[in-house]
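Engineer: Pasting a structure here, questions to come.
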Ligand code: NAD
Ligand code: USQ
């Protein structure tokens, strides 16, 4: 089966492309490399030194004998997208290729517009290209748990059955996203749902939680295959940031009270969830939604776990509660369903002392690359 991984030079996409290639799928990567450009523009660098995509792919081929096709370009450019798809002839398209940082999208009007145009137009182009040339192709799209926000009721997987004035229907679950980025994902979901309902396309929206970790079997095979690991205040995410902060002796940056609760998963489960979605495709006309996370934690609890793990390897870890730069509930109900992927056979890697230990040691190994000026959050929602 031929799988095109859009955004395959990024954190989730790179790990997924190699994993799928190793599993025997014929893989292509399409990426504009714009994320590397945004890093340069904002003077940010991943903790890990990542090789240019062409070198990464050459190394993968030298090590495994498996070739991965490469298409460098922007999916908001329809001519490029159409040409690449016609050349590659995908059976499945996995779409990671978006601007994915909430703080980036909240810098100012320009960054909000950039985020929504990049994400919404890119996905719309993809829907039109699939409709025109590959109507049977399965679209596996990375959405986010943040589409739902933090409602005071249980979060279902995409849909909720409602009784109203004596009548009953199953409808899209209400969305209350918390950033211009998260909003772009809601807009995508509506557009993909439309394409399935009206044109009969098949799609799976993977509402992923916050990903942590860096090593997968494949990216750990060689230094040139190493994955990115963001720790800065724009692209770094909670648990990864806390481990790197602990490694360099920076107090852990819990925003506000720290009761914010989210779904989390290990990057080794990201790649497996995507494969499960590919191997069990949605039906024609079906817009399927899976909540892709394995455990729920509050950021305050995560900070305590990192402190404990740090102490056990003789790191002195402090926790600071900063004024919250975001507008979000800091104490709230959160109970999200995640049974669809488990039913397909996902066997989660739960957060463990050994994972925290390995992430901390990984961070210690590259600590000289950390720029302390990039740790505190600089983008304010208000
Ligand atoms: P990333 O920034 O590391 O990778 C995204 C990749 O997409 C980059 O290589 C970038 O160059 C590429 N890209 C962006 N816009 C493009 C365009 N218009 N055309 C072609 N390529 C483009 O991000 P990530 O952390 O790997 O996230 C991947 C996807 O997973 C995103 O859609 C994100 O919303 C979703 N997701 C990520 C997380 C997480 O914790 N990292 C959690 C939930 C969902
Ligand atoms: N937070 C802290 N301290 C930090 C960083 C974050 O307390 O140093 C808090 C935030 O205020 C927030 C929570 O941790 O309440 C999560 O923030 P995050 O930066 O780890 O993640 P988020 O902005 O939600 O975005 C990340 C990815 C995004 C993905 C999303 C999944 O960047 O692409 O969509 O996780 S989810 O959160 O489930 O929507």
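Engineer: Can you name every residue in the range 17-28 that is within 18 Å of residue 206 (Cβ to Cβ) and in contact with a strand residue (DSSP E or B) (Cβ under 6 Å, 6 or more places away or on another chain)?
Structural biologist: Across the range 17-28, the qualifying residues are 17, 20, 25, 27.
Engineer: While we're on this one: Can you pull out the residues in the range 349-382 that are within 16 Å of ligand 2 (Cβ to nearest atom) and touching a strand residue (DSSP E or B) at 6+ places or on another chain (Cβ under 9 Å)?
Structural biologist: Those that are within 16 Å of ligand 2 (Cβ to nearest atom) and touching a strand residue (DSSP E or B) at 6+ places or on another chain (Cβ under 9 Å): 351, 359, 375, 376, 377.
Engineer: Further, regarding this structure: Among the candidates 233, 256, 249, single out the residue that is more than 10 Å from ligand 2 (Cβ to nearest atom), touching a residue at least 24 places away in the same chain (Cβ under 8 Å) and either out of contact with any helix residue (DSSP H, G or I) (no Cβ under 6 Å at 6 or more places or on another chain) or within 28 Å of residue 342 (Cα to Cα) (or both).
Structural biologist: Working: 233 fails: more than 10 Å from ligand 2 (Cβ to nearest atom); 256 fails: more than 10 Å from ligand 2 (Cβ to nearest atom).
Unique residue meeting the criteria: 249.
Every residue, every condition in (1) more than 30 Å from residue 370 (Cβ to Cβ); (2) out of contact with any strand residue (DSSP E or B) (no Cβ under 9 Å at 6 or more places or on another chain); (3) within 15 Å of ligand 1 (Cβ to nearest atom); (4) modelled with pLDDT of 95 or more, yes or no:
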position	(1), (2), (3), (4)
52	no, yes, yes, yes
82	yes, yes, yes, yes
94	yes, no, yes, yes
108	no, yes, no, yes
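Engineer: I'd like to verify a number: residues in the range 80-103 that are more than 20 Å from residue 207 (Cβ to Cβ) and touching a helix residue (DSSP H, G or I) at 6+ places or on another chain (Cβ under 8 Å), how many?
Structural biologist: 4
Engineer: While we're on this one: Please give the strands (runs of 3 or more DSSP E) falling wholly within the range 161-266 in which 2 or more residues are more than 16 Å from ligand 1 (Cβ to nearest atom) and at pLDDT 95 or above. Before you say what the answer is, go through the steps one by one.
Structural biologist: On the way: elements: 167-172, 202-208, 210-212, 252-255, 261-266.
Strands (runs of 3 or more DSSP E) meeting the threshold: 167-172, 252-255.
Engineer: Among the residues of the range 81-108, which ones are over 14 Å from residue 3 (Cβ atoms) and part of a helix (DSSP H, G or I)?
Structural biologist: Across the range 81-108, the qualifying residues are 81, 82, 83, 86, 87, 102, 103, 104, 105.
Engineer: Of (1) part of a helix (DSSP H, G or I); (2) more than 18 Å from the chain's Cα centre (by Cα), residue 74 satisfies all except one. Which?
Structural biologist: Exception for residue 74: condition (1).
Engineer: Any residue in the range 318-335 that is more than 25 Å from residue 244 (Cα to Cα) and modelled with pLDDT of 95 or more sitting within a Cβ distance under 7 Å of a residue that is more than 10 Å from ligand 2 (Cβ to nearest atom) and in a loop (DSSP other than H, G, I, E, B)? List the pairs, counting only those 6 or more apart or interchain.
Structural biologist: 333/152; 335/154
Engineer: Can you find a residue in the range 246-254 that is at positive phi and in contact with a strand residue (DSSP E or B) (Cβ under 9 Å, 6 or more places away or on another chain)?
Structural biologist: Our first condition is that a residue be at positive phi; within the range 246-254, this holds for 249.
Retained after the next criterion (residues that are in contact with a strand residue (DSSP E or B) (Cβ under 9 Å, 6 or more places away or on another chain)): none.
No - not one qualifying residue is present in the range 246-254.
Engineer: Tell me, which strands (runs of 3 or more DSSP E) wholly within the range 270-350 include 2 or more residues that are within 27 Å of residue 26 (Cβ to Cβ)? Spell out how you get there, then give the answer.
Structural biologist: Numbers: elements: 287-292, 295-298, 319-322.
Correct list: 287-292.
Engineer: Please go through the range 130-145 and give me each residue that is buried (at least 21 other Cβ atoms within 10 Å of the Cβ) and either within 13 Å of ligand 1 (Cβ to nearest atom) or not in a loop (DSSP other than H, G, I, E, B) (or both), ordered by number. Walk me through it before giving the result.
Structural biologist: So in the range 130-145, the residues buried (at least 21 other Cβ atoms within 10 Å of the Cβ) come out as 130, 137-145.
Answer for the range 130-145, where residues must be buried (at least 21 other Cβ atoms within 10 Å of the Cβ) and either within 13 Å of ligand 1 (Cβ to nearest atom) or not in a loop (DSSP other than H, G, I, E, B) (or both): 130, 138, 139, 140, 141, 142, 143, 144, 145.
Engineer: Hey, another quick one. Within the range 183-195, is there a residue that is surrounded by fewer than 19 Cβ atoms within 10 Å (Cβ to Cβ), within 16 Å of ligand 2 (Cβ to nearest atom) and more than 16 Å from the chain's Cα centre (by Cα)?
Structural biologist: yes
Engineer: Additional query: Is it the case that the range 147-170 has a residue that's under 30 Å from residue 2 (Cβ atoms), within 10 Å of ligand 2 (Cβ to nearest atom) and either touching a helix residue (DSSP H, G or I) at 6+ places or on another chain (Cβ under 7 Å) or free of Cβ contacts under 8 Å to residues at least 24 places away in the same chain (or both)? Before the answer, list the steps.
Structural biologist: Applying the first criterion (under 30 Å from residue 2 (Cβ atoms)) to the range 147-170 yields 147, 157-158.
Keeping just the survivors that are within 10 Å of ligand 2 (Cβ to nearest atom) gives 147.
Filter once more, so that each one left must be either touching a helix residue (DSSP H, G or I) at 6+ places or on another chain (Cβ under 7 Å) or free of Cβ contacts under 8 Å to residues at least 24 places away in the same chain (or both): 147.
Yes: the range 147-170 contains one or more residues that are under 30 Å from residue 2 (Cβ atoms), within 10 Å of ligand 2 (Cβ to nearest atom) and either touching a helix residue (DSSP H, G or I) at 6+ places or on another chain (Cβ under 7 Å) or free of Cβ contacts under 8 Å to residues at least 24 places away in the same chain (or both).
The values are calculated or read from the model by the stated rules, or taken from the named source; none is laboratory data. Note that the coordinates shown come from a computational prediction; the quantities given were computed from them, not determined experimentally. FYI the Cβ positions are ideal-geometry reconstructions off the backbone, even for glycines, and counts take in every protein chain you see.
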